[in-house]
Amino acid sequence: MSQKLEPRESMEFDVVIVGGGPAGLCASIRLKQLNPDINVVVLEKGAEIGAHILSGAVMDPIALDRLLPDWREESDHPMKVPVKEDKFYLMGEGGKVSLPTWAMPPLMHNDGNFIVSLGNVCRWLAEKAEALGVEVFPGFAAAEVLYNDHNAVIGVATGDMGVQRDGTPGPNFERGVELHGKYVLIGEGARGSLAKGLINHYSLNADSDPQKYGLGFKELWQIDPEKHKEGRVFHSLGWPLKDNQDGGSFVYHIEDNQVYVGYVVALGYKNPYLSPFEEFQKFKTHPAISSLLEGSKRIAYGARVITQGGWQSVPRLSFPGGALIGCSAGFVNVPRIKGSSNAMLTGMLAAEHVADALAAGRANDELENYENAWRLSDVGKDLKPVRNVKPLVTKLGQVGGMIAGGVEMWINTLLGSWSPLGTMNHKKADYEATEGADKHVPISYSKPDGVLTFDRSSSVFLSNANHAEDQPKHLHLLDPALQKSSEFMHYAGLSRRYCPVGVYEWVDKKGDAAENGDPNAEYVINAQNCIHCKTCDIKDPNQNINWVPPQGGEGPVYPNM
């Protein structure tokens with residue numbers, strides 16, 4: 001923005017929490033439980049709490065039991081569907097093989113867990129937080145970290161509203177606000193923009209492996225009551241992905257004759273012609289899934305990346321003035337397909353160390369005790385026994401990795417997290433794994449039928465995504481020439497395949513999809529379609545796309561997801 005702007009107004013708090021997800025909300029509640037006089041604010045970029053929350057989700061209640069031990073006695077809690085049946089399958093093109101649950105380590109069982117809408121869990125937690133006096137501000141995107149002269153974080157600033165496409169203030173322009181805090185907790189979820197900047201600024205990942213990610217798809221379906229089995233949990237590996245590709249599915253039967261159908265594709269795949277969206281659509285054509293969904297109606301759609309690096313990819317959590325919590329750092333247990341409980345536990349753990357620091361009269365220093373504590377906590381105990389499963393799948397493929405990973409988890413279970421393999425490493429970031437198009441053959445995907453399989457346009461419509469047209473694009477292309485010479489010419493324009501909602505296109509002079517190698521192809525970024533999944537920020541082979549928050553309140557609005 002070229003013209004000089006008025007200084008931003010500022011607000012003072014004891015603790016500023018960025019992100020109204022499970023980690024941030026649990027941190028705010030725990031702070032108020034420890035000391036009601038602590039002044040806490042939670043910023044959420046979504047239009048409402050839960051609007052941007054997307055997860056499977058089968059939840060382990062360990063964190064809720066600790067934070068709100070009487071929650072089961074309440075009538076309005078969102079944990080309505082306990083897991084009643086737990087199935088795991090290896091899928092082939094025309095059939096499936098049931099894997100015996102008795103042979104799986106205890107940590108893989110879902111006894112005592114609940115199928116939930118994580119968005120609804122967050123809405124419920126926000127009510128709890130506000131009742132304790134937490135100030136919750138949805139619709140405000142934290143766009144900038146504020147530092148003092150000693151290089152310590154002292155707060156965040158929200159983005160300006162009403163900025164026009166050319167960067168100038170529009171008629172409804174409103175200056176952003178600075179929120180100052182003695183400590184700042186960053187709980188933006190996977191690949192958060194502020195967390196990404198802080199990790200780079202303080203080199204928090206200097207001693208950790210590259211973070212790994214998966215792109216998760218989720219649809220909500222209304223199905224035939226005769227086919228509905230409330231509390232049934234279905235997971236699978238295998239088809240339609242090849243054995244050297246990593247991913248898997250879930251089908252969860254919730255209340256009211258509805259099911260969640262989802263698929264996760266690990267973003268470390270090599271073939272630039274692979275389309276995670278199309279693989280998900282193809283998955284639904286499997287006889288086991290198509291028979292379930294026959295005569296049903298798709299209600300909602302969404303996509304979001306999840307962290308998959310685990311124990312060895314967690315960066316340093318503390319920095320001067322604050323800390324990372326939840327999936328901003330990456331605490332998903334990939335074999336268990338569980339992340340929300342660990343996110344909640346890290347938020348609570350950070351809150352306890354912040355409360356101790358405030359009680360001691362400290363401010364804007366480093367919470368080293370939090371950094372030292374997490375690996376000895378229940379979060380560390382959850383992640384360490386499974387630390388080698390993801391590297392084994394990467395090395396041996398889905399089937400071999402599954403078998404070796406199962407043996408590895410049993411050894412860790414029986415021998416107290418000891419393994420003859422030690423701790424294996426993730427050697428490449430996901431963008432580094434992508435190979436040139438000349439090493440692969442294009443993949444032909446079937447056209448959607450509009451009944452079971454769908455295109456991106458109809459899918460983004462169901463996500464309720466909304467962005468003001470006349471604003472600067474929040475997807476920053478750093479070097480257009482590099483994008484054409486490399487992403488298009490060398491990698492066959494993989495962004496038009498990895499994006500789950502068709503944000504990116506390579507078009508010819510007529511505006512049609514450009515053929516690979518067309519020297520006249522132009523890059524089109526349909527930022528208004530973005531559902532904030534962050535795949536582009538992760539998978540672009542040159543790290544040439546930088547995702548930043550749009551105006552607060554924009555993006556998807558996920559109902560009951």
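The values are calculated or read from the model by the stated rules, or taken from the named source; none is laboratory data. Computed from a predicted model, the values in this text were never measured in an experiment. Don't worry about glycine lacking a Cβ; one is built from the backbone with ideal geometry, like all the others, and counts go over all protein chains shown. Areas reflect the complete protein model, heavy atoms only, side chains present, ligands, DNA and RNA absent. Shrake-Rupley method; radii C 1.70, N 1.55, O 1.52, S 1.80 Å.
Some values worked out for this structure:
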{"quantity": "Net charge of Cβ neighbours under 15 Å - reference Arg375; Lys, Arg +1; Asp, Glu -1", "calculated": "-2"}
{"quantity": "Alpha-carbon centroids, segment 40-83 and segment 371-439: separation in whole Å", "calculated": "28 Å"}
{"quantity": "Magnitude of the charge dipole, the chain, Cβ model with Lys/Arg +1 and Asp/Glu -1, debye to 20", "calculated": "1460 debye"}
{"quantity": "Proximal lysines to Lys447, defined as alpha-carbon separation beneath 18 angstrom and excluding residues fewer than eight positions away on the same chain", "calculated": "Lys282, Lys284"}
{"quantity": "Positive-end residue, segment 136-183 charge dipole about Cα centroid, Cβ charges, pick of Asn151, Met161, Ala141", "calculated": "Ala141"}
{"quantity": "Euclidean distance between Cα centres, segment 220-256 to segment 110-131, Å", "calculated": "21 Å"}
{"quantity": "Segment 399-544: mean projected area of Cα convex hull, nm²", "calculated": "13.1 nm²"}
{"quantity": "Alpha carbon centroid spacing (whole Å) that separates segment 138-211 from segment 308-323", "calculated": "17 Å"}
{"quantity": "Apportionment of accessible area to carbon and sulfur, the chain, percent (1.4 Å)", "calculated": "51 percent"}
{"quantity": "Selection from Leu267, Ser10, His286 lying farthest towards where the dipole of the chain points positive, charges on Cβ", "calculated": "His286"}
{"quantity": "Listed pairs Lys45/Lys473; Lys242/Lys297; Lys395/Lys427 exceeding 21 Å between Cα atoms", "calculated": "Lys242/Lys297"}
{"quantity": "Net charge over other residues, Cβ less than 13 angstrom from the Cβ of Arg123 (K, R count +1; D, E count -1)", "calculated": "-4"}
{"quantity": "Label point 7 Å beyond Cα of Ala363 along Cβ direction - residues of segment 156-194 with amide nitrogen under 12 Å", "calculated": "180-183"}
{"quantity": "GluC sites (Glu not before Pro) lying in DSSP loop within segment 463-529, provided at most 14 other Cβ fall within 10 Å", "calculated": "Glu469, Glu515"}
{"quantity": "Which of Pro100, Asn110, Ala131, positive extreme of dipole for segment 99-158 (C-beta unit charges)", "calculated": "Pro100"}
{"quantity": "Cα centre as origin, Lys/Arg/Asp/Glu Cβ charges: segment 183-338 dipole, Debye", "calculated": "220 debye"}
{"quantity": "For segment 245-253, 3J(HN,Hα) per residue [Karplus equation, 6.51 cos²θ - 1.76 cosθ + 1.60, θ = phi - 60°, Hz, x = Gly/Pro]", "calculated": "10, 10, x, x, 10, 8, 9, 10, 8"}
{"quantity": "Antiparallel bridge percentage (DSSP; both residues within the chain; nearest 5)", "calculated": "70 percent"}
{"quantity": "Of every Cα-Cα pair in segment 15-172, the percent that sits beyond 19 Å", "calculated": "66 percent"}
{"quantity": "Environment charge of Ile17, counting only residues whose C-beta is closer than 12 Å and scoring Lys/Arg +1, Asp/Glu -1", "calculated": "-2"}
{"quantity": "For segment 216-232, 3J(HN,Hα) per residue [Karplus equation, 6.51 cos²θ - 1.76 cosθ + 1.60, θ = phi - 60°, Hz, x = Gly/Pro]", "calculated": "x, 10, 8, 10, 9, 10, 9, 10, 4, x, 5, 9, 7, 10, 3, x, 7"}
